[in-house]
1. Between 35, 87, 109, where does the largest GNM mean-square fluctuation fall for the chain, given springs only between Cα atoms within less than 10 Å?
2. Between residue 106 and residue 43, what FRET efficiency comes out of the Förster formula 1/(1 + (r/R0)^6) with R0 = 35 Å and r the beta carbon distance, rounded to 0.05?
3. Name the long-range amide H neighbours of residue 78: under 5 Å, sequence gap of 5 or more, or other chain; modelled H, no Pro or chain starts.
4. State the answer as a single residue: which of 79, 25, 50 lies farthest towards the positive end of the charge dipole of the chain, with beta carbon charges of +1 for Lys and Arg and -1 for Asp and Glu, about the Cα centre.
5. Roughly how big is the chain's charge dipole about its Cα centre, with Cβ charges of +1 (Lys, Arg) and -1 (Asp, Glu), in debye to the nearest 20?
6. Among 27, 18, which comes first, then next, by fewest other beta-carbon atoms within 10 Å?
7. Please list, in chain and number order, the residues 5+ apart from residue 84 or on another chain whose amide H is under 5 Å from its amide H, with Hs placed from the backbone.
8. Of the residues 96, 14, 110, which exhibits the maximal mean-square fluctuation in a Gaussian network model of the chain defined by a 10 Å Cα contact cut-off?
Amino acid sequence: MKTCPDAYHCPVEATIDIVGGKHKVLILWHLSKHGVLRFGELQRLMPQATPKMLTQQLRELEADGMLHRELYHQVPPKTEYSLTERGRSFTPVLNAMCEWGGSVLEEMGAEAGRKVVRKD
């Protein structure tokens, strides 16, 4: 995230700067639903994300104050991720995205059903 608020042309630009990464919204979604997740759990929930990409996206979200990383010094080491207050404040946006996406999928399903040509 840019350090100077004046560097943004509009609030949407600031939002995209924070959550616009390839997997960031999905990370936030899973954390909003599960509360606390370890790296391996996030990886299983998001098999399309490579470990390197997931690590990068988690670090950026942490730097932007959206999630908290708790490192436990044990053998083997354990790291847990959870939403911060700022991250939790994004939950209504995630819920609206889910609702909108569900509507689009339903619409697409209805359209796909109409395109099927039946031969009786």
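Read-outs throughout are calculated quantities, based only on the coordinates presented, and are distinct from any laboratory measurement. The model shown is predicted, which means the values in this text are computed figures rather than measured ones. Ideal geometry is used to build each Cβ from the backbone, glycine not excepted, and the neighbour counts take in all protein chains shown.
1. 109
2. So, using R0 = 35 Å, E works out to roughly 0.70.
3. Excluding prolines and chain starts, which carry no amide H, the hits are 72.
4. 50
5. 500 debye
6. 18, 27
7. Long-range HN contacts for residue 84: 67, 68.
8. Looking only at 96, 14, 110, the largest GNM fluctuation is found for 110.
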